[in-house]
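Each remark here refers to the structure printed beneath this line.
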Amino acid sequence: MLLRKFFRTAWSYKAQVLSMVIMIMLGVGVFLGFNMEWYTIEQDTSRFFADTLYADYRIYSETGFTTEELEKIRAIPGVEAATRFLSVNLDLADDSGRSLALDVSENFTVSAFVVTSGAPYDEESGGIWLSDKFAEANGFALGDTLRLRYQGAEISGEVVGLIKSGEHMICLADANQVMPDYRTFGFAYISPKKLISALDFAFYPQINVRSSLTKEEVEKAVGEALGYTAMVVSKEEHAVYKEAQGEATEGKTMGSVLPVLFLVIAILTMVTTKHRIAVNEKLQIGTLKALGFHNGRILRHYAAYGFGIGLLGTALGVALGYWLCSLVMSEDGMMGTYFDMPDWSLWMPAFCPPLLAAIVALLTAVSWLSVREQLRGTAAEALRPYQPKKMKKSFFERGRGWERKRFAVKWNLRDIMRHKSRSAMTLLGVTGCMILLVGGLGMRDTMAGFLDMLDNDISNYTTKVNLVDGVDADAGIALSDELEGDWVYQSGISLDGDTVVLEVYDNARDHIRILDEKNRPIRMEDGGVYLCLRLKDRAAIGETITFSPYGSEEKYTAKVLGYHRSVMTESVAMTKACADSLGIPYGVSAVYTDRSAREIGSDARISGTQDQQQLMDSFRSFTSIMDSMVLILVLAAIVLGVVVLYNLGVLSYIERSRELATLKVLGFRDRKLGSLLISQNVWLSVLGVVVGLPAGVGVLQWLLMALAGEYELKLMLGPTTYCVSVLLTFGVSLAVGLLVARKSRKIDMVEALKGAE
Amino acid sequence: MAIVEFENVTRLYRSGEHELRALDDVSFTLEAGKFVVILGPSGAGKSTLLNLLGGLDSPTSGTIRVSGRDISTLSGKELADYRAAAVGFVFQFYNLIPTLTVYENVELVSEICPKALDAKEILEEVGLGDHLRNFPSELSGGEQQRVSIARALAKNPDILLCDEPTGALDSETGAMVLALLLGMARKSGKTIVVVTHNQNIAKMADVVIRVKNGKIRSIEEQAEPLSAEEVEW
């Protein structure tokens, strides 16, 4: 019989039950979705890296490594495998502007690939193993011939296999590209035999190593083995691994703030709702006790609501979490355009299942405790109607103007003070909604501002010309002059033990600009260096830094003249004149020019060209991922706002129905009663917006600081974001308020006045 | 002069196929300034009668006139205005707004009633001048009912409608409340309609209407009603 009562009582509270299930589903779903995203990135990428023998360390030499040097590295205790490796960006010989990274792993024990179709790797083969995504985007199939241009020579061969590789899981042409664009850039592998047959020589500027040694141990051992300091880059510093880890960290950061806020609001609102329902059920609880039901049975009966709602909400939340995660982490999802890997299995962090069980247990316990409170004492006591807390004068009433305040103001203020937990939950709901909206839309504004800065403030060129490694300064500067361009040299340096990038600029023609902290262009002076904002804590202006280029024993000390905003890399920037005065050797890595790629002919110094528009497009497709995440957050914020406010609004209405009925009997019109109900919602919404707006900005600022390892983003919030966030929050509040206020028309004056409060 | 006229008033409640005739073709008139007690057992229809007279409900058929105005066909808004201006309610469980002080509960009616009387004066008249700033939860049951009476009178209505006004009070407090109610109403010439099942209250009435099974069984005028003090509670 109690089972029937269970379902019928649940039906009588259907609005509350439904809203609690939705809240838990949303809270759990968003929390799980965000946390699964970063964990899935960690799991799937690390499996892929393991499958393709991703290198733990890369040792660089501009002059290339000999087989003897490779043997010395392999002989280091703790080195599991090592191979000479070449990766060079080459244009396709058809002048289509497409290019790819051509890789050779000499003994294929490190930095290998997995074949998705075609022939497996064969070191004797003269064929080409091509990125399956590049092949798909450009219409290449197995058996086609691929022709590549390499320093005036041509490497051509038949496509024998389509592949994916951990080395190119995020397939970017260089540090300035943020999103892969397989229509213009891909990768391919050839065998060492093919390399020699095409070029008549083998040049391997890298040795890739698999080892569990620390970086310091590898650096020391390599130095001892080779007899000189070679540049060692750990996988944590290598772009692909670093970006993948960055995505996971970014997801973890996002997952640790907004979804947690979501989950907390959902749980707290559920706690409030369950308590209010237990209070409403007091007479029924008392009746069951008076009839002779044991406390334990009554407790189990009512705790079953919390358990059932928690279990159903959590189960639906898990499904929602998987769905949300699959929107991001699937081959067709948002990350599908960023990561190129074969396995997209979804993974749940280990802490999630116990947490979900704890949520269900907590909700069950809340029901249990709420009902136990009503069951205290004798059956006669349990049968007595619930006695609301006695009114006390609040601090509002200490002011002089209190007596002159209108009835509606007094009524609502005292109601808020009387039902503090309900009011606090409403406030939390509105504040949460506001934080999510400001955070989400603000992130979008910030990224849009970042793109705008990149497009308009930094980039003032048409084409970026990448030079092959090893081009000396004279040859590079000569090319720059031919193209009437600006040039930059980028090279790894060690600063306080960390690998950062040294950038030497000659930007006299204003094709590439350096910005200060406030995004204003600055003309760098020659007497020192400029640290990027991420390195700001390393030295104050006027202080000096000491750094050492990789592959060199030399140490250089330079005065810090200022800070600049770096787009992607952690960098120390200086002028050519500064580099000359310090005696730092440099070459030219890239030239920025207004010539179009078609106007720039083939040249042995050029490894490839990139259209500025292409670069911007890759940034834009990157921000489109962010837009989708923002859309999810905005939708979730609106649903959260609606569900929390409606649920608490209905509770407020139920709790005040007797007062409302009294007012109606006294002659108050429905419209006036409705405005009483709405005005409280509006007040709490105003307060929620006032609190939520700076809190949202604060959360966004925190997120940007947490993401600063990847990008130097400047917080930007457009007026539209402020307006949309405030209007949406108020819109939700007002719409829900109107929905609840409509109920005042249906107040049964006679029924509501029966019985004592 | 008749202040209340019920003409063939019927109120049916339907629930599925069931039909409950709460009031069945009831007709009567009440004179202004009288103390009227409607007496009857539970389910007799006395609360329905009070609800119709108070504008909380509308009849299924028949006509109800109050001060010559037909209230049986008024819209929801018009009924709200009628309740605001013409009738004062005293409830069994007081129905005070718990978040308003004693003074504010009475002052509240000035929001809807243009002819409202001074709240402080009325509260002093009912003996609560020292409790103006107290909340209802700080008062005894009798005191709360006195606030309720003050609130009803503050509207300066033509009719006071009281639903079991002593039902939640002990007999001594109930007698005091009734004495107060009657004294204040008589002083201002109000018509009082009290619905009760308490036979003792009927002894104080000018007119006693007995209701049973939705019909009026008798209407009895008492030439010499007893005072509250004279009634044996």
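What follows draws every value from the coordinates through simple rules; no lab data is involved. Because the structure is a prediction, the values reported are computed rather than measured. Cβ sites come from the backbone with ideal geometry, for glycine too, and all protein chains shown count toward neighbours.
Below is a table of values for the structure above.
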item: Pairwise FRET efficiency - A:Asp343 versus A:Leu635, Cβ, R0 = 25 Å, nearest 0.05; result: 0.30
item: Per-residue ³J(HN,Hα) for the stretch A:257-269, Karplus 6.51 cos²θ - 1.76 cosθ + 1.60, θ = phi - 60°, Hz, x for Gly and Pro; result: 10, 4, x, 5, 4, 4, 5, 4, 4, 4, 5, 5, 5
item: Per residue, the convex hull volume that the Cα atoms of the protein assembly as shown enclose (Å³); result: 218 Å³
item: A:Thr63-A:Ser212 pseudo-label distance in nm [points 7 Å out on the Cα-to-Cβ vector]; result: 3.6 nm
item: Sum of -39500 (n - 2.57) over DSSP H runs of 4+, divided by residues of chain A (222 nm, nearest 500); result: -17000 deg cm²/dmol
item: The stretch A:55-234 pair-distance distribution - Cα-Cα, 5 Å bins, rounded %; result: 1, 8, 17, 20, 18, 15, 10, 6, 2, 0
item: Derived scalar couplings ³J(HN,Hα) [the stretch A:451-467; Karplus, 6.51 cos²θ - 1.76 cosθ + 1.60; whole Hz; x for Gly, Pro]; result: 5, 4, 4, 5, 6, 9, 8, 8, 8, 9, 9, 9, 9, 9, 9, 8, 9
item: Rel. contact order, % - alpha carbon contacts under 8 angstrom, at least six apart, the stretch A:55-234; result: 37 percent
item: Relative contact order (%) - criterion: Cα under 8 Å, at least six apart; region: chain A; result: 17 percent
item: Placed amide H near A:Glu281: partners under 5 Å, 5+ positions off or other chain; result: none
item: Sequence-distant residues sharing a close amide H with B:Gly62 (under 5 Å, placed H); result: B:Thr10
item: Residues A:Asp526, A:Asp51, sorted so that the one with the fewest Cβ neighbours within 10 Å comes first; result: A:Asp526, A:Asp51
item: Order of A:Lys5, A:Lys242 under a 10 Å beta carbon neighbour criterion, fewest first; result: A:Lys5, A:Lys242
item: Karplus 3J(HN,Hα) series, Hz, for the stretch B:135-152 with 6.51 cos²θ - 1.76 cosθ + 1.60 (x for Gly, Pro); result: 8, x, 5, 9, 10, 6, x, x, 5, 5, 5, 5, 5, 4, 5, 4, 4, 5
item: Least to most buried among A:Cys325, A:Cys723, A:Cys433 (fewest other Cβ within 10 Å first); result: A:Cys723, A:Cys325, A:Cys433
item: Förster radius 25 Å - calculated FRET efficiency between A:Ala424 and A:Lys393, Cβ distance, rounded to 0.05; result: 0.80
item: Scattering curve values for the stretch B:140-207, log₁₀ I(q)/I(0), Debye with Cα scatterers, q = 0.23 Å⁻¹; result: -1.06
item: Degrees between helix B:76-86 axis and first principal axis of chain B (Cα, 0 to 90, nearest 10); result: 50 degrees
item: Projected label distance in nm at A:Leu18 and A:Asn456, using a 7 Å step from Cα toward the beta-carbon; result: 4.7 nm
item: Residue list for the stretch B:204-233, given a label point 7 angstrom along the Cα-to-Cβ vector of B:Asp170 and an amide N cut-off under 15 Å; result: B:233
item: Relative packing of A:647-653, A:598-604, which averages over residues the other C-beta atoms within 10 Å, highest first; result: A:647-653, A:598-604
item: Spin-label model distance (nm) - B:Arg21 vs A:Asp200, 7 Å beyond Cα toward Cβ; result: 12.1 nm
item: Gained length - B:Glu232 relative to B:Asp130, 0.36 nm times residue gap less alpha-carbon distance; result: 33.6 nm
item: Difference of contour (0.36 nm per residue) and Cα-Cα distance, A:Val686 to A:Ala478; result: 68.5 nm
item: Calculated FRET value between A:Leu582 and A:Leu355, using beta carbons and R₀ = 51 Å, to 0.05; result: 0.40
item: Shape category assigned to chain B from the gyration tensor of Cα positions, a/c cut at 1.5; result: prolate
item: Residues with amide H under 5 Å from that of B:Leu20, placed H, sequence gap 5 or more; result: B:Tyr13, B:Arg14, B:Ser15
item: Antiparallel bridge percentage (DSSP; both residues within the protein assembly as shown; nearest 5); result: 70 percent
item: For the stretch A:463-595, alpha-carbon Rg relative to the globular expectation (2.2 N^0.38 Å, N residues); result: 1.00
